[in-house]
Amino acid sequence: MAGRKCLALIAHDQKKDEMAEFARRNEETLRTHWTIFATGTTGGRVLDAAPALDVTRLKSGPLGGDQQIGALIATGEVDALIFFVDPLTPMPHDVDVKALMRLAIVYDIPMALNEATADRLIANLHA
């Protein structure tokens, strides 16, 4: 669909339920205005919660999916990033988190790190 924007979704550890609920609650807006790339497990959870969405699942984050999202940002294929990082669990993939945040900043794309900001991001960017 012409005019659709591309959104990347990543949820680490205990934030996967929150991402699935975010997708379910915003399914109509996401379905109408966004094409979605998501890391493997997150993408599966999103599709379970909101099956009408156009989601391309990449590898699981720790197995390279975070880097795949980073490459899509660097090549201009991602318009926005929603990245629910779990701040209360040990993060063996902390370097992946930092790399994705750095790329979103370098390429000046909108980035949401929590649900309140994610709601505003998708509401404002689809217009």
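Checked against (1) within 16 Å of Cys6 (Cβ to Cβ); (2) in contact with a helix residue (DSSP H, G or I) (Cβ under 9 Å, 6 or more places away or on another chain), Asp108 meets all criteria but (2). Restricting Ile69, Ile73, Ile105 to those that are within 11 Å of the chain's Cα centre (by Cα), modelled with pLDDT of 95 or more and at negative phi reduces the list to Ile69.
Restricting the first member to the range 78-105 and to residues that are more than 27 Å from His33 (Cβ to Cβ), and the second to residues that are aliphatic (A, V, I, L, M) and at pLDDT below 90, the beta-carbon pairs closer than 7 Å and six or more apart or on different chains are Met91/Val97.
The values are calculated or read from the model by the stated rules, or taken from the named source; none is laboratory data. Since this is a predicted model, take the numbers as computed values, not measurements. As a convention, Cβ positions derive from the backbone with ideal geometry for all residues, glycine included, and neighbour counts pool all protein chains shown.
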